[in-house]
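Worksheet for the structure shown next.
The values are calculated or read from the model by the stated rules, or taken from the named source; none is laboratory data. Fair warning: this is a prediction, and the values are worked out from it, not measured in the lab. When we count neighbours, we look across all protein chains shown, and the Cβ atoms used for this are built from the backbone with ideal geometry, even at glycine. Surface areas here come from the heavy atoms of the whole protein model, side chains and all, with no ligands, DNA or RNA. Shrake-Rupley method; radii C 1.70, N 1.55, O 1.52, S 1.80 Å.
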Amino acid sequence: MLLVTGVPAAGKSTVARKLSDWGHTSISLDDDNSTCSWPYPDGLQDPQPDHRNNSSSPLPLQRTWNPDRLDEIISTARRGGVQTLWLCGQSANASELRDRFDACLLLEIDQTTMRRRLNDIEPSDGVCRADASLISAIASYQGFVATWRRLGAVPVDGAQDPDQVCQDLLMTAALATLGRHR
């Protein structure tokens, strides 16, 4: 079980689609409404934060993943004989859930690339992109990258062409999981 994470617009959903197209089992957690939601200060969870986004409602906190749903996805894959499951996404509690993965891979892009890609995202490109505003992405960039590097995530250059990124992920994952089994 592999986690591919990165800052907003690093290419996590693109990687999930491309790996799936290549015959690998992959899920974009950012696009899975049953896994990700936004907690509000009042304790409510919302899978689609735009539904409460009006002037009288507080803004949601950062997106989180439901640990039970994540465990269900992983156990279903294992029961189905899936050897390698690629889970791609970002959440505020992902670092707390990292023990569920054989390896964590960090798609790294620079802030200029992130800024350009965020400006190119269409509002309909996925419900879980609502928290990917440019201001919050830039504010959290350095802390996010530093945290995942400190936690031992394996960096992969996410600024490359998506085919090359996926090839690099496949090679990096093979080396990372080989190292764990020695």
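Could you give every pair whose Cβ atoms fall below 7 Å, whose first residue belongs to segment 143-168 and is within 21 Å of Gly23 (Cβ to Cβ), and whose second residue is of a type in the set (Ser, Thr, Tyr) and crowded, with 16+ Cβ neighbours inside 10 Å, counting only separations of at least 6 or pairs across chains?
Pairs found: Val156/Thr172; Pro162/Thr14.
With the condition kept exactly as written, say whether any residue in segment 94-113 is open to solvent by less than 10 Å² (accessible area, probe 1.4 Å), assigned to a helix (DSSP H, G or I), over 19 Å from Ala173 (Cβ atoms) and modelled with pLDDT under 95.
no
Here is a yes/no grid of residues against (1) open to solvent by 20 Å² or more (accessible area, probe 1.4 Å); (2) modelled with pLDDT under 95; (3) of a type in the set (Gly, Ala, Ser):
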{"residue": "Asn53", "(1), (2), (3)": "yes, yes, no"}
{"residue": "Trp65", "(1), (2), (3)": "no, yes, no"}
{"residue": "Ile74", "(1), (2), (3)": "no, no, no"}
{"residue": "Leu85", "(1), (2), (3)": "no, no, no"}
{"residue": "Arg117", "(1), (2), (3)": "yes, yes, no"}
